[in-house]
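Novice: What follows is a structure written as structure tokens; I'll ask about it next.
The values are calculated or read from the model by the stated rules, or taken from the named source; none is laboratory data. Nothing here was measured: the structure is a model prediction, and the numbers come from that model. Positions of Cβ are backbone-derived with ideal geometry, glycine not excepted, and every protein chain shown enters the neighbour counts. For the accessible areas, the whole protein counts, side chains as well, though only heavy atoms, and no ligand, DNA or RNA atoms are used. Shrake-Rupley method; radii C 1.70, N 1.55, O 1.52, S 1.80 Å.
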Amino acid sequence: MQIPIGVSNRHIHLTKEDVDKLFGDNYELTSKKELSQPGEFAAEETVTIKTDKSEIQGVRILGPIRPLTQVEISKTDARKLHINPPIRPSGKIDGTPGIKIIGPKGEITIDKGVIIAERHIHMTNADADSFGVKDGQYVSVKTAGERELTFNKVLIRVKDTYALDMHIDTDEANAAGLQTGDTGELIK
């Protein structure tokens with residue numbers, strides 16, 4: 001019952017409208033690297049995210065474009081920015097803080113959309129059947145190594161277009177001494 005682990009650094013998802021505001025009309029993102037989920041990529045393009053007290057430059061855009069703009073950061077990033085975003089599943093942005101986003105051709109301010117991504121496992125329906133889990137269920141994942149750790153409250157996300165992969169942020173990976181490509185054992 002091993003699950004591959006992917007470590008997710010801070011990143012941003014953008015709508016087409018916001019891509020155009022930040023990079024220019026009819027701008028197309030350039031793929032730098034394919035990601036573990038089919039059709040998703042890390043773009044060459046980066047932006048700066050900024051609050052009244054601090055900023056982080058070089059925040060990678062993930063493509064393709066999305067129906068809403070969302071910024072995913074770690075707790076360490078949140079402290080640097082002096083904001084307190086909630087831990088949420090992707091797309092659940094109601095009641096979250098906003099932020100200024102600066103690109104080479106313009107800037108935008110979103111009134112909501114900054115989250116710390118809830119750790120989760122992407123899997124297909126066949127994977128879910130094999131592991132005996134269902135979409136929306138929470139499980140635990142035990143890791144091995146010098147700093148072995150059990151992650152509790154790991155959300156299962158099931159869709160046949162997904163590839164099996166557990167996503168954790170850099171703070172979580174550092175706490176457990178993990179890197180992309182390591183594995184964990186799913187415990188129900």
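Novice: Can you tell me how much longer the chain between Tyr27 and Lys112 gets when fully stretched, taken as 0.36 nm per residue apart minus their C-alpha distance, in nm with one decimal?
Specialist: The Tyr27-Lys112 span can extend by a further 28.2 nm.
Novice: With +1 on each Lys and Arg Cβ and -1 on each Asp and Glu Cβ, how big is the dipole of region 1-146 about its Cα centre, in debye rounded to the nearest 20?
Specialist: Computed charge dipole of region 1-146: roughly 500 debye.
Novice: Would you pull out the residues with amide H under 5 Å of Gly113's amide H, same chain only if 5 or more places away, H placed 1.01 Å from N?
Specialist: Thr96
Novice: Sequence-distant or interchain residues sharing an amide H contact under 5 Å with Gln137, placed H: which?
Specialist: Ile156
Novice: In 5 Å bins starting at 0, how do the alpha-carbon pair distances of region 46-86 split up by percent?
Specialist: Taking all Cα pairs of region 46-86, the binned fractions are 5, 19, 32, 23, 15, 5, 0 percent.
Novice: Continuing with this model, one more query. Suppose only helical runs count, i.e. DSSP H with n ≥ 4. What mean residue ellipticity at 222 nm does that imply for the chain under -39500 (n - 2.57) per run, divided by all residues and rounded to the nearest 500 deg cm²/dmol?
Specialist: -4000 deg cm²/dmol
Novice: With θ taken as phi - 60° and the coefficients 6.51, -1.76 and 1.60, list the Karplus ³J(HN,Hα) couplings across region 142-153 in order, rounded to whole Hz; mark glycine and proline as x.
Specialist: Per-residue couplings from phi come out as 9, 9, 10, x, 4, 10, 3, 8, 10, 8, 9, 6 Hz.
Novice: Next question, about the same structure. Quick one: what does P(r) look like for region 61-125 with 10 Å bins over all Cα pairs, in whole %?
Specialist: Percent of Cα pairs in each bin: 19, 51, 25, 5, 0.
Novice: 5 Å is the cut-off here: which amide hydrogens, built 1.01 Å from N in the peptide plane, fall below it relative to Asp169, excluding neighbours closer than 5 in sequence?
Specialist: So Asp169 has HN proximity to Ser8.
Novice: Once a ≥ b ≥ c are taken as the square roots of the eigenvalues of the Cα gyration tensor of region 25-69, is the result rounded (a/c under 1.5), prolate (a/b larger than b/c) or oblate (a/b not larger than b/c)?
Specialist: prolate
Novice: Quick check: at a probe of 1.4 Å, how many percent of the accessible area of region 99-188 sits on carbon and sulfur atoms?
Specialist: Looking at region 99-188 in its full context, I get 44 percent from C and S.
Novice: May I pose another question? Which whole-number value in Å² is the accessible area per residue of region 97-171, probe 1.4 Å?
Specialist: Averaged over the residues of region 97-171, the accessible area is 50 Å².
Novice: Okay, moving on. Provide Rg and Dmax in Å for region 2-57, with only Cα atoms included in the calculation.
Specialist: 13.9, 45
Novice: A further question follows. Give me the lysines in straight-line cross-link reach of Lys53: C-alpha distance below 24 Å, same-chain residues under 8 apart excluded.
Specialist: Lys21, Lys75, Lys80, Lys100, Lys105, Lys112
Novice: Same structure, new question: Within region 143-188, which GluC sites (Glu not before Pro) sit in a loop by DSSP and count at most 13 neighbouring Cβ atoms inside 10 Å?
Specialist: Within region 143-188, the qualifying GluC sites (Glu not before Pro) (loop, at most 13 other Cβ atoms within 10 Å) are Glu146, Glu148.
Novice: Using each residue's phi in region 87-96, evaluate 6.51 cos²θ - 1.76 cosθ + 1.60 at θ = phi - 60° and report the 3J(HN,Hα) Karplus result to the nearest Hz, with x for Gly and Pro.
Specialist: For region 87-96, the Karplus curve yields 7, 9, x, 4, x, 9, 10, 4, x, 9 Hz.
Novice: Here's something else I'd like to know. Counting only Cα, what are the radius of gyration and maximum Cα-Cα distance Dmax of the chain, in Å?
Specialist: 16.8, 50
Novice: Rank Ile12, Ala78, Ile156 by how far each Cα sits towards the positive end of the charge dipole of the chain (+1 on Lys, Arg Cβ; -1 on Asp, Glu Cβ) and give me just the farthest.
Specialist: In the chain, that residue is Ala78.
Novice: Please state the charge dipole magnitude for region 83-146, taken about the Cα centre, from unit charges on C-beta atoms (+1 on K and R, -1 on D and E), reported in debye and rounded to the nearest 20.
Specialist: In total the dipole reaches around 200 debye.
Novice: If you plug each phi of region 106-123 into the Karplus form 6.51 cos²θ - 1.76 cosθ + 1.60 with θ = phi - 60°, what whole-Hz ³J(HN,Hα) values come out, in order, with x for Gly and Pro?
Specialist: Values, residue by residue: x, 9, 9, 10, 9, 8, 7, x, 9, 9, 9, 5, 5, 4, 7, 10, 7, 7 Hz.
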